[in-house]
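The block underneath contains the structure these notes are about, expressed in structure tokens.
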Amino acid sequence: MGMPENKNELYNNAKQVLEEILSLMGLTGSVFPSDEFTATDENGEISSIGLNIEGEDLGILIGRRGQTMVALQYIVRLIMAHKMQVQVPIVLDVEGYKQRRCEGLRTLANRLAEQVKTRKAPFTMEPMPAFERRIIHITLADHPDVITESIGAGESRKVVITPKTLPQN
């Protein structure tokens, strides 16, 4: 089986998988499409399907620093790849946590960029997951005064924000 005909087919299959997992976990929640995380590429092909889970007491699905949500997202991706015979990035959000986190990271990135610019000194952020580092990099990609790079390995990877022109000693 190739790429599904439309995003509704992907969404409905992903929703069914996710609802079954929630049921097995003894949790009650509703799954809705998330336009924030649904995307298509330049050819109009689906590049990601965003899903948001809404309900009560779903903090357990988010976990510490979103780690449980990332693990659940991985499981749903594996099941969908097996079921649909195609790799489709599924992006999960729980009660808008990831969306709020993205907005907060964009604000933080801009604030830190201004500090780095003013102090003319690099700033190393705390370790964060790949999707969060990507938000920092994208947010500051066109910033006129700073550059970003990821350093470290595994779960210790972090973003360093550096002035484009460091003072010469």
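Residues checked against (1) under 22 Å from the mean Cα position of the chain (by Cα); (2) more than 16 Å from ASP93 (Cβ to Cβ); (3) not aliphatic (A, V, I, L, M):
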position	(1), (2), (3)
ASN8	yes, yes, yes
LEU27	no, no, no
VAL31	yes, no, no
GLU42	yes, yes, yes
GLU45	yes, yes, yes
ILE49	yes, no, no
ASN52	yes, no, yes
LEU58	yes, no, no
_Let me confirm something: among LYS83, LYS117, LYS98, which residue is surrounded by fewer than 18 Cβ atoms within 10 Å (Cβ to Cβ), within 24 Å of GLN16 (Cβ to Cβ) and charged (D, E, K, R)?_
LYS83
*Quick check: is even one residue across the range 145-156 surrounded by 14 or more Cβ atoms within 10 Å (Cβ to Cβ), among the polar types (S, T, N, Q), modelled with pLDDT of 95 or more and assigned by TED's automatic domain parsing to the domain that holds GLU103?*
yes
*Go through the range 129-169 and give me each residue that's of a type outside the set (D, E, K, R), touching a helix residue (DSSP H, G or I) at 6+ places or on another chain (Cβ under 8 Å), within 24 Å of GLN73 (Cα to Cα) and in a loop (DSSP other than H, G, I, E, B).*
PRO129
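The values are calculated or read from the model by the stated rules, or taken from the named source; none is laboratory data. These numbers come from a predicted model, not from an experiment. Reconstructed Cβ throughout: ideal geometry from the backbone, glycine too, with neighbour counts over all protein chains shown.
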